[in-house]
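Structure record follows, encoded as structure tokens.
Computed from the coordinates by the stated procedures, all read-outs in this text should not be read as laboratory data. All values reported here derive from a predicted model rather than from experimental measurement. Note that we place each Cβ from the backbone using ideal geometry, even for glycine, and neighbour counts take in every protein chain shown.
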Amino acid sequence: METQQEKEILRGGQFLVKETKCEDVFTPEDFNEEQKMMRDSVIEFNDREIIPHRDRFEAKDYALTEEVMHKAGDMGFLGVSVPEAYGGLGMGFVSTMIVCEYISSGTGSFSTAFGAHTGIGTMPITLYGTEEQKQKYVPKLATGEWFGAYALTEPEAGSDANSGKTTATLSADGKSYKINGQKMWISNAGFCNLFIVFARIENDKNITGFIVEKDLNNGISLGEEEHKLGIHASSTRQVFFSDTVVPVENMLAGRGEGFKIAMNALNIGRIKLAAACLDSQRRITTIALQYANERKQFNTRISDFGAIKSKLAEMATNCYAGESASYRAAKNIEDRIAMRQAAGNSHQEAELKGVEEYAIECSILKVAVSEDVQHCADEGIQIFGGMGFSKDTPMEAAWRDARIARIYEGTNEINRMLSVGMLVKKAMKGHVDLLGPAQAVADELMGIPSFDTPDYSELFAEEKEMIAKLKKVFLMVAGSAVQKYGPELDNHQQLLLAASDILIEIYMAESTLLRTEKNVKRFGEKEQETQIAMAKLYLYNAVSIVEKNGKESIISFAEGDEQRMLLMGLRRFVKYTNYPDIVDLRNAIADKIKAENKYSF
Ligand SMILES: Cc1cc2nc3c(=O)[nH]c(=O)nc-3n(C[C@H](O)[C@H](O)[C@H](O)COP(=O)(O)OP(=O)(O)OC[C@H]3O[C@@H](n4cnc5c(N)ncnc54)[C@H](O)[C@@H]3O)c2cc1C
């Protein structure tokens, strides 16, 4: 049952149909003292324990990963979001994001080990465990005495996670289950102490989750370490269960609840993965910039060439956008958790519902930031030229490490389709009113456009209107597609992917604009002039992506007059009155970071 207070804050997905005031978004500039202290201590840890040892991580020193994980446990970093009653620090969701972000940029190996343990390896117990399960396991996991792993994927069950063949069979005395099956790609498998294992009981429709201690004398064996493209010192192995006996009290939630657990654990994992990519983007940008400021060709610093300035500006802008959107969503989640707790929900229930509410935003962020970090590393290599291709510079490993983020925690294809699918479902359930606004857009298309000259003298006036128009594109495209295909829409994947790209760009561009607008109001326009340029540049790029995807979609499902009308609407909704000078914007952004010799926002 939704409380009155909850109704007043934006629900997940509602960003699309409700205007958000800049005062209502949380930004990295809003970090409080406690959050800043946490950030600084994680940065110091990363600088001391991880970055200097990059070579050892690259040389597949799994023992080092484990050792540094213990040290992270000693610092309390593994239990940031775990309630104090279970040995954690009991901090809010934003703090969890900060730790994920700043601990992750040294190497993808540690980032993955950290994420697999604190996220999918621990959260299923904190979110779904019984009191006894939490008392028994969570304090050990929160302090780093034990490490967790998450065993969902199987050789034949990847994206189709509910199709696993691993079985759990109840013993004759009803006291235990025997688990049999094979799990694949299990992060932390080499050094963990327990697995969250998903298995099927009899012919159940849905799988069931179990906490399984790693006792190699109990029918558990491991495959060799996988040889991977990147994240070299992250332990990834197959895990085999052969008549592994698990007491009935180790079942998580109820029978058949495993798929729900798996999906909710992944929701949280997705937004944390976005955070984990952010500091990498920042470091890659800074390192590439410093190289470009040093490297001379044709008697010129390469950072003075327009071609390189353009790359640096885009890298910085995407990073700034990722930060803006990640912390906006993180605070929404934190606030919703707090509201639910204030309304009497347990921490467990409040956290579950809080994150579930923003599952759309979690998917959006996972896709957007994982692709941005890959692109950033790719451009980083390009800026380093031949040296970028060498193992002796950090770009090569950054590029390889970034690649996995598009695959795990649900592939980006799956997350794209999920984001639109979840939104449509929310609309059907009446949680987000898409139909009314979609109808209003349809009516607008039938009407005569206004020929008034708008007043865009105020900062961001045109940009805000553009965001509102991009939302109309989504409503127009998705609304018409739902009308045309109904429940069959799921079978039109290319359409869903295009709609998702529109949705992603709207959220990212709007978050960037709102952060900047908020900061202009408190720090002044002069102080924020580069951020203003980044917000405008991001939006311009977003408009192009929306236009391309909108056009493709419309042509795929509409014909004749309907097609002409929708395409006309699209043209109207992606048209600037005053086009920003993108070359100027990029130059201004590049000049600022060149002068500071680092990503400085
Ligand atoms: C380094 C690494 C660490 C990992 N760690 C863990 C872990 O700790 N625990 C764990 O349980 N798993 C883990 N995984 C597994 C990971 O989550 C899966 O690899 C991922 O979910 C994709 O599954 P798959 O590899 O079977 O690919 P598939 O599902 O076979 O997908 C192959 C391609 O087909 C596409 N595809 C699949 N289904 C559809 C569809 N319905 N519509 C359109 N396209 C589709 C995918 O997007 C992808 O492009 C890890 C994987 C790696 C590589």
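Pairs of Lys residues in the stretch 1-153, spaced 8 or more positions apart or belonging to different chains, with C-alpha separations under 28 angstrom: 10 in total. As I understand it, the dipole of the chain uses +1 on the Cβ of Lys and Arg and -1 on the Cβ of Asp and Glu, about the Cα centre. Which of A397, G258, S326 lies farthest toward its positive end? The listed residue farthest towards the positive side: A397.
To the nearest 500 deg cm²/dmol, what mean residue ellipticity at 222 nm is calculated for the chain from DSSP H runs of n ≥ 4 alone, each contributing -39,500 (n - 2.57), summed and divided by the residues?
-19000 deg cm²/dmol
Modelled spin labels at A468 and N32, positioned 7 Å past Cα toward Cβ, are 3.5 nm from each other. For the stretch 429-463 versus the stretch 216-292, the spacing of their alpha-carbon centroids is 43 Å. The GluC sites (Glu not before Pro) found in the stretch 488-577 that occupy coil by DSSP, while having at most 13 further C-beta atoms within 10 Å, are E525, E527, E559. This model, with +1 at the C-beta of Lys and Arg and -1 at the C-beta of Asp and Glu, gives the stretch 18-77 a dipole about its Cα centre of some 220 debye.
Restricting attention to the stretch 495-536, which trypsin sites (Lys or Arg not before Pro) occupy a DSSP loop and are surrounded by at most 13 other Cβ atoms within 10 Å?
Answer by residue number: K526.
Note on the stretch 18-44 and the stretch 538-601: Cα centroid distance 28 Å, given to the nearest whole angstrom.
By how many degrees, 0 to 90 and rounded to 10, does the Cα axis of helix 582-596 deviate from the longest principal axis of the chain? It is inclined by approximately 60 degrees.
Under 1.5 on a/c is rounded, so check that first for the stretch 18-168, then, if it is not, pick prolate when a/b is larger than b/c and oblate when it is not; a ≥ b ≥ c are the square roots of the alpha carbon gyration tensor eigenvalues. Judged from the Cα gyration tensor, the stretch 18-168 comes out rounded (a/c under 1.5). Among S234, S171, a tally of other beta-carbon atoms within 10 Å of each Cβ gives an order, fewest to most, of S171, S234.
Comparing Cα centroids, the stretch 339-389 and the stretch 57-126 end up 16 angstrom apart. So what's the angle, to the nearest 10 degrees on a 0 to 90 scale, between helix 461-485 and the longest Cα principal axis of the chain? So the inclination is approximately 60 degrees.
Given axes a ≥ b ≥ c from the Cα gyration tensor, I'd like to know whether the stretch 93-142 is rounded (a/c under 1.5), prolate (a/b larger than b/c) or oblate. Note, shape of the stretch 93-142 comes out prolate.
Mean separation of Cα pairs under 8 Å and 6+ residues apart, divided by the residue count of the stretch 290-428: what relative contact order is that in percent?
Worked out over the stretch 290-428, it gives 22 percent.
Only Lys, Arg, Asp and Glu carry charge here, each on its Cβ (+1 for the first two, -1 for the last two); on that basis the chain has a dipole of about 560 debye about its Cα centre.
Dimensions of the stretch 113-188 along the principal axes, based on C-alpha atoms and rounded to the nearest Å, stand at 34, 33, 18, largest first. Qualifying GluC sites (Glu not before Pro) in the stretch 208-242, where qualification requires a DSSP coil assignment and no more than 10 other C-beta atoms within 10 Å, comprise E224. With Kirkwood's inverse mean 1/r over C-alpha pairs for Rh, give me the Rg to Rh ratio of the chain, two decimals please. That ratio is 0.97, to two decimals. Its convex hull of Cα atoms gives the stretch 481-601 a direction-averaged projected area, equal to a quarter of the hull surface, of 9.5 nm². Computed from Cα positions, the angle between helix 560-573 and the longest principal axis of the chain comes to roughly 80 degrees.
Exceedance of the 25 Å cut-off in Cα-Cα distance is limited, within the set K425/K484; K296/K366; K311/K598, to K296/K366.
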